[in-house]
């Protein structure tokens, strides 16, 4: 039976859409993969390259027989299944986080957790602050602080309103890359996809003024092609981002401004908290901002109040 290699462009949990050339084939997962990856809730992610073969007993149905090696992936703790992880996307060139300082509010801790997840695979990060039309002096001041902080450690930062701006300055961010778009429900991910790709028709709903929370409009991850060299993966809104596959003793490796001090502490296993002779703590307030250090401690101790 002939095998074909294709790209997973949509995942609905049990079924996948696989793009082969210009044809999209509905495919399901062969059962053995689920047994092999017990700690992953979704063994296949959008962005995966897979081999499929036709199901001879069912018309227009294909079976995924192999997952090709991934060059990277973005993963988080499963919010529904304790002890398991959930793949957000694979084989991406960058992660783009949509941040809103109002309606709904994105915490700094959430931003930093997303960036840590990217750093674990050295995936470049882009932060787009949306809904500037809602900002007042307080939000603009916070944006300027965060922009300076994140640009200083190597991240690209943008400010816009997907509803009011033509986002021409944003479009270049996605050229020639496969980008995962992530953020809270209601942050504007689907609005951005609709602006980037006319005809994407992603559902959009308003944020509740009572709860200041978004409604989940994107149920499943899906890849959209901008052109032959550019694509975006729209992902379901994330309420909480639990880190997966990152041990506490390596967490500081994924803070770029802390990474350069590694090996300079008195103790080789320093966690940069109460240990004497800590080079990282000595740099807080100068090279390392207080805000980022507080985020590090919040992640380290799983303390939501800190993050």
When you scan region 55-63, do you find a residue that is touching a residue at least 24 places away in the same chain (Cβ under 8 Å), within 15 Å of residue 221 (Cβ to Cβ) and not in a strand (DSSP E or B), even just one?
no
Does region 132-173 hold any residues that are closer than 27 Å to residue 87 by Cα and in contact (Cβ under 8 Å) with a residue 60 or more places away in the chain, and which are they?
153, 154, 173
Closer than 30 Å to residue 116 by Cβ, modelled with pLDDT under 95 and loosely packed, with under 13 Cβ neighbours inside 10 Å: does that describe residue 34?
no
Residues satisfying the stated conditions in region 1-31, i.e. closer than 25 Å to residue 85 by Cα, outside any strand (DSSP E or B) and modelled with pLDDT of 85 or more
12
Just to verify a result, which residue in region 98-125, among those that are in a strand (DSSP E or B) and more than 11 Å from the chain's Cα centre (by Cα), is surrounded by the fewest Cβ atoms within 10 Å (Cβ to Cβ)?
100
Sole residue being in contact with a helix residue (DSSP H, G or I) (Cβ under 8 Å, 6 or more places away or on another chain), part of a strand (DSSP E or B) and touching a residue at least 12 places away in the same chain (Cβ under 8 Å), chosen from 52, 74
74
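The rows are residues; the columns are (1) modelled with pLDDT of 95 or more; (2) surrounded by fewer than 20 Cβ atoms within 10 Å (Cβ to Cβ); (3) closer than 30 Å to residue 284 by Cβ.
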| site | (1), (2), (3) |
| --- | --- |
| 96 | yes, no, yes |
| 127 | yes, no, yes |
| 140 | yes, yes, yes |
| 151 | yes, yes, yes |
| 160 | yes, no, no |
| 175 | yes, yes, no |
Search result, residues across region 253-296 that are in a helix (DSSP H, G or I) and under 11 Å from residue 112 (Cβ atoms)
254, 291, 292, 293, 294, 295, 296
For region 52-93, enumerate the residues that are modelled with pLDDT under 85 and surrounded by fewer than 13 Cβ atoms within 10 Å (Cβ to Cβ).
56, 57, 58, 59, 60, 80, 81, 82, 83
Out of everything in region 281-296 that is under 21 Å from residue 111 (Cα atoms) and either in the same structural domain as residue 122 (by TED's automatic domain parsing) or in contact with a strand residue (DSSP E or B) (Cβ under 9 Å, 6 or more places away or on another chain) (or both), what residue ends up being surrounded by the fewest Cβ atoms within 10 Å (Cβ to Cβ)?
290
Matching residues in region 247-259 (touching a helix residue (DSSP H, G or I) at 6+ places or on another chain (Cβ under 8 Å) and either closer than 17 Å to residue 275 by Cβ or in the same structural domain as residue 117 (by TED's automatic domain parsing) (or both)) number 6
In this structure, does residue 244 turn out to be touching a strand residue (DSSP E or B) at 6+ places or on another chain (Cβ under 8 Å) and either surrounded by fewer than 20 Cβ atoms within 10 Å (Cβ to Cβ) or in a strand (DSSP E or B) (or both)?
yes
Against the condition touching a strand residue (DSSP E or B) at 6+ places or on another chain (Cβ under 8 Å), within 30 Å of residue 253 (Cβ to Cβ), in the same structural domain as residue 177 (by TED's automatic domain parsing) and not in a helix (DSSP H, G or I), how does residue 45 come out, does it pass?
no
Residue 102 fails exactly one of (1) within 24 Å of residue 223 (Cβ to Cβ); (2) out of contact with any strand residue (DSSP E or B) (no Cβ under 6 Å at 6 or more places or on another chain), namely (1)
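The values are calculated or read from the model by the stated rules, or taken from the named source; none is laboratory data. A quick note: this is a predicted structure, and the numbers were derived from the prediction, not measured. Here the Cβ is made from the backbone with ideal geometry for all residues, glycine too, and neighbour counts use every protein chain on show.
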